[in-house]
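The structure appears below as structure tokens.
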Protein chains: 2
Amino acid sequence: MKRFQQALVFAFSLAIPVLALAHNGDHADPVRYRQSGYYLIGWHFAPMAAMIKGERPMDAKDFATHAQFVADIARVLPEGFANGPHKGKTDAKPEIWKNPGDFADKMKAFQEQSAQLAQIAQGGDAAQIKGQFIKTAETCKACHDDYRKD
Amino acid sequence: MKRFQQALVFAFSLAIPVLALAHNGDHADPVRYRQSGYYLIGWHFAPMAAMIKGERPMDAKDFATHAQFVADIARVLPEGFANGPHKGKTDAKPEIWKNPGDFADKMKAFQEQSAQLAQIAQGGDAAQIKGQFIKTAETCKACHDDYRKD
């Protein structure tokens, strides 16, 4: 028990500087949170789009990695919209918090279709991948059309 | 075949505005990429640390979700360090690209320990969770000590 308590003290001494670094002294900012998520998603969406459009050669393994990352990051997004609208420079429309059910449905559609894309991408069937990429892009657009400023 | 071509044209018309939105007109920025990842990780690390420290009640389900998100985002980080050092305001030390093998090992340790934390968190054993949280925080600190400016 004593050893475990020592371990905990050690954990605190570790965790505190780690957290201080992670936040750079500023408070948790939901706008920065969700923009971080979308930046990562955009980063990984771009090479998939380029492969689908034939602007770069299809690399099935690379595509599958990007698809998995998009699906993984999609799951963290909702937390950045909780208890809004939030202060800060944002392209999020206030309609998000006026129609929370519809927004949640559209977010869920993106999460589901991107998860499906990640799964199909592992199979390596080019036609299926292209079809599912379209479906996923549609869920992006559906939400942006209604809830993101142009 | 004609139908498939039409579908592709449709995909392009969808994907292009989506990508344009995602990038806000700026080029892909590895510094912003990795800082986005660490911001999300810090966001989800904080409530776990608070639960471990007893600053907030332990909620096993909530803890497990945060642990899974940290593990998921950890996997995307390496791409933000590829082909560096990069221009921009960054706390990343140039030593990262002088010792790529050691940096990769430390990154891998974080990925592995955070994945282990996500798995153990699902089991709900408080002592195991605390122990694995310490191990994970150690991998954060090990990399920050050597490769992040204070």
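The values are calculated or read from the model by the stated rules, or taken from the named source; none is laboratory data. Owing to the predicted nature of the structure, the values given are computational and were not obtained by experimental measurement. When we count neighbours, we look across all protein chains shown, and the Cβ atoms used for this are built from the backbone with ideal geometry, even at glycine. Areas reflect the complete protein model, heavy atoms only, side chains present, ligands, DNA and RNA absent. Shrake-Rupley method; radii C 1.70, N 1.55, O 1.52, S 1.80 Å.
Just a few scattered comments:
- Considering (1) open to solvent by 50 Å² or more (accessible area, probe 1.4 Å); (2) under 16 Å from the mean Cα position of the chain (by Cα), the lone condition that residue A:87 does not fulfil carries the number (2).
- Residue check, residue B:94 more than 18 Å from residue B:42 (Cα to Cα), open to solvent by 50 Å² or more (accessible area, probe 1.4 Å) and either touching a strand residue (DSSP E or B) at 6+ places or on another chain (Cβ under 8 Å) or modelled with pLDDT of 95 or more (or both): yes
- Residue within the range A:64-73 that is under 30 Å from residue A:128 (Cα atoms), touching a Ser or Thr at 6+ places or on another chain (Cβ under 8 Å), modelled with pLDDT of 95 or more and more than 10 Å from chain B (Cβ to nearest Cβ) present: yes
- Sole residue being open to solvent by 10 Å² or more (accessible area, probe 1.4 Å), hydrophobic (A, V, I, L, M, F, W, C) and modelled with pLDDT under 95, chosen from A:46, A:28: A:28
- Cross-chain or 6+ apart pairs with Cβ under 7 Å, the range B:29-58 first and more than 7 Å from chain A (Cβ to nearest Cβ), then open to solvent by 10 Å² or more (accessible area, probe 1.4 Å) and among the β-branched types (Val, Ile, Thr): B:31/B:90
- Single unsatisfied condition, residue B:129 versus (1) surrounded by fewer than 21 Cβ atoms within 10 Å (Cβ to Cβ); (2) over 18 Å from the mean Cα position of the chain (by Cα); (3) at pLDDT 95 or above: (1)
- Among (1) away from every other protein chain (no Cβ under 14 Å); (2) open to solvent by 70 Å² or more (accessible area, probe 1.4 Å), the one test that residue A:120 misses: (2)
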